[in-house]
Amino acid sequence: MAELEAVIGLEIHVQLSTRSKMFCGCAVSFGDEPNVHTCPICLAHPGVLPVPNEEAIRSALKIGLALDCEIAPRSIFHRKNYFYPDNPKAYQISQYDVPICGPGRLGEVRITRAHLEEDAAKTIHVGASGRIHGSAASLVDFNRAGTPLVEIVTEPDLRSAADAADWARLLRETVRQLGVSDVNMEEGSLRVDANVSVRPAGSTELGTKTELKNMNSFRFLQRGIEAELGRQREVIGAGGRVEQETLHFDPASGDLTPLRSKEEAHDYRYFPEPDLVAIAPTAAMLAEARESLPELPAARMARYEAELGLDEAQARLLAGDPEQAGYFEAVVAAVGEAAEPRVVANWVTGDLTAALRASEDAERPEAGPLADLIGAVASKQVSHAGGKQVLAILVADGDADVAEIVEREGLAQIGGDDGELAGIVAAAIAADPDAAQQIRSGNGKAIGAIVGAVMRETKGRADGGEVNRLIREQLGM
Ligand SMILES: [Zn+2]
């Protein structure tokens, strides 16, 4: 049987961090006492009228522009009808055939659309312990009802669970940097659903998809998709057919269970919302949204790879964190010609990150001192091991002077032409004739013992490559 390839699309709900809700003046909140941010509009009292939140529209425009979407000159709201306790109007105001943001792209993945809608209330299912009059019950908190959402829908362009999780991370960083949402998955301000199917590799037709709902971390998203791909491959391998359904992934057990879903009756009877006029962004609104866009992770990543020669992993790591990226660029500027940007990236994402984690009191040094240190190591005035010792002092005392630390701690690299290092190497060889004999007879690993002895003697102030070279030279190899 032909290999079955994965076909994955994502639907992401982004809760906007506007001050007020989508169609009323109630505060957008998380974690407050239940049912304190409510009013006749978000509780759907008869006769009330919604008023759209302009800030939410501006936020949706920023998201659309960041995702390279076509912005609709005129988009409208629809009513999506369904009955559920979290939905007091018995319909959700959403967008249907004319979303505010049309086709776009982020990285390798095409965006189908991004539209504005309102969030539902939160239902809390109380089990046996919360029984009311003897039966299990559900409680409803309307604080969330009417919170502005942007729903982003992708084309099924992802081909593995790991790619889906990576892309979702890129999307989160992109939205975070726009400053329009907290994008906190645990608190539900970023919610990711995945549409998953398989098909014979090379086929262009789509298989039957299932929908995985509301995974609240990228790790669970990846594991959930992996589990569902495995299940579908098994079903098809056994000659069965995948049923279209909505599934819940339980990260603790790894089980996939069908959801008793409010979407089972698929007819939402969409019709245009008669109480709202069309959204028609003015040229000024669009220009303002465009001008407010920062350099976004995908663009920054491409620039780091093309202009600074970073590899993809380094570029992704730095571009995903604007604060760290800004610091990295400041160090690159301060280092100038003394070291490659690639080397600076290694220090910033590797040794510096480790040094900062090593102590609670550690503080990131100014760009200048770190640049001095990188330059000193690159020019072999200080060994890499010695450089780490300097770094430990720098993170403890941010504005310290690198040359002074090197001098004070006696960390200047031993080597060069004065013969001191050669003498230490000769002594180490003489002290360990067994190892020397083994190296001579071709046991390359034995050199480690002598290198180690030299490093101990020099307290890490020697360059490992130079020590290796001297040992081989002195053993006549
Ligand atoms: Zn309200």
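A short reminder: the numbers here are calculations on the coordinates, not readings from a lab. All figures in this text were calculated on a predicted structure; none of them were measured in a lab. Neighbour counts run over all protein chains shown; Cβ positions are idealised from the backbone, glycine included.
Put a plus charge on the Cβ of each Lys and Arg, a minus charge on the Cβ of each Asp and Glu, and nothing anywhere else: the dipole of the chain about its Cα centre is then about 1360 debye. Summarising the label geometry, the points placed 7 Å from Cα in the beta-carbon direction at Val36 and Ser138 lie 2.5 nm from one another. In this label model, Gln438 and Phe271 are separated by 8.6 nm, measuring between points 7 Å along each Cα→Cβ vector. Pairs of Lys residues in the chain that lie 8 or more places apart, or on two chains, and have C-alpha atoms under 22 angstrom apart add up to 18.
Provide the percentage of antiparallel DSSP beta bridges, counting only those with both residues in the chain; round to the nearest 5. So the antiparallel bridges amount to about 95 percent of the total. Its Cα gyration tensor gives the chain an equivalent ellipsoid. The semi-axes, each the square root of 5 times an eigenvalue, are 57, 28, 22 Å from largest down. Residues whose amide H lies under 5 Å from that of Leu310, counting only those 5 or more places away or on a different chain, are Glu305; hydrogens are built 1.01 Å from N in the peptide plane.
Both radii are taken from the alpha-carbon atoms of the stretch 420-474; with Rh as the Kirkwood radius, Rg/Rh is 0.92. Looking at the stretch 407-477, the trypsin sites (Lys or Arg not before Pro) that sit in a DSSP loop and have at most 15 other Cβ atoms within 10 Å of their own Cβ are Lys459. When the inverse distances between all different Cα atoms of the stretch 199-316 are averaged and flipped, the Kirkwood radius reads 19.5 angstrom.
Note on the stretch 420-474: with charges restricted to the Cβ of Lys and Arg (+1) and Asp and Glu (-1), its dipole about the Cα centre is near 140 debye.
Calculated mean residue ellipticity, 222 nm, the chain: -11500 deg cm²/dmol, from DSSP H runs (n ≥ 4) at -39500 (n - 2.57) each, averaged per residue and rounded to 500. Which of rounded, prolate, oblate describes the stretch 295-408, given a ≥ b ≥ c as roots of the alpha-carbon gyration tensor eigenvalues and a/c under 1.5 marking rounded, otherwise prolate only if a/b is larger than b/c? Prolate, because a/c is 1.5 or more and a/b exceeds b/c.
Local charge for Ala334 was computed over the other residues whose Cβ lies under 13 Å away, with Lys and Arg +1 and Asp and Glu -1, and equals -4. Volume per residue for the stretch 367-477 equals 99 cubic angstrom (convex hull of Cα atoms).
Rounded to the nearest 0.05, the FRET efficiency derived from the C-beta distance between Ala396 and Asp255 at R0 = 30 Å is 0.05. For the chain, taking a cut-off of 4.7 Å between Cβ atoms, the unpaired cysteines are Cys24, Cys26, Cys39, Cys42.
Once each part is reduced to its C-alpha centroid, what is the distance from the stretch 210-238 to the stretch 93-166 in angstrom? That distance is 18 Å. Between Glu409 and Arg472, the contour length at 0.36 nm per residue exceeds the Cα-Cα span by 19.7 nm. The stretch 451-469 and the stretch 67-87 have their alpha-carbon centroids 66 Å apart. Database remark: amide H of Met215 closer than 5 angstrom to the amide H of Val192 (H placed geometrically; neighbours at sequence offset of 5 or more, or on other chains; Pro and chain starts carry no H).
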